[in-house]
1. Given the peptides 150-159, 17-26, arrange them by the average over their residues of other C-beta atoms within 10 Å, most packed first.
2. Indicate the gyration tensor shape class of segment 100-187 (rounded, prolate or oblate), computed on the Cα atoms with a ≥ b ≥ c the square roots of the eigenvalues: a/c under 1.5 is rounded; otherwise a/b larger than b/c is prolate and the rest oblate.
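Since every read-out is calculated from the coordinates, none of them should be taken as a lab result. What you see is a predicted model, and the numbers here were worked out from it, not measured in a lab. All Cβ positions, glycine included, derive from the backbone under ideal geometry; neighbour counts span all protein chains shown.
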Amino acid sequence: MSDEKSGKRISDEERRLWSKVVSEARPLKKRRPASPAGAMSPPPDDKTEPAAPAKPRPVRRAAPGQAEKRQAPATPELRHGSASGMDRRQAERFKRGKMSIEGRLDLHGMTRAAAHGALRHFILGAAAADKRCVLVITGKGRANPQGGVLREEVPRWLNEPGLRDKVLSFDYAQQPDGGTGALYVLLKRRRPGKG
């Protein structure tokens, strides 16, 4: 089954989720359309009492500087080879593939949905295990067009909420590790006291 507008295949899991949402949906109460400006309202019915006017809600105002504290600064989007948060020596070692690889994920042959889930699970697990440098193999997409799609999608997925805060940097791997068909992903160190 596919979505007619985008042509994207819909997975069984997405179909089940949608069915559940639809089955639990309840209709909203119908509202009377607002009368146009200047239109006369119908004469009041003798049996009904006029409705009490609604009390205006008090507006809560934040103390000066309070709104700025609530909003966390936006985390900048990572791009291939971005090295913010790393010193120069560490950035060079990472880019040259000189850091030891503590985990590997091969996405070859996976659908987009399966690869997305596998990447998410892998990165969260590696971060929880306090791993530092991992390799994600996407494939180049020559023999399998899906590899080319994943090669484009994985950087976007690494920038999604839930993963972005775990990732410090990513870059194409060196040729022995897969070249442009793989990514080195450098994970942030966990700070003491943080789960």
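1. Numbers: 150-159: 17.8, 17-26: 8.6.
Top of the packing list down: 150-159, 17-26.
2. Details: a/c = 1.84, a/b = 1.31, b/c = 1.40.
Oblate is the answer for segment 100-187, as a/c is 1.5 or above yet b/c matches or exceeds a/b.
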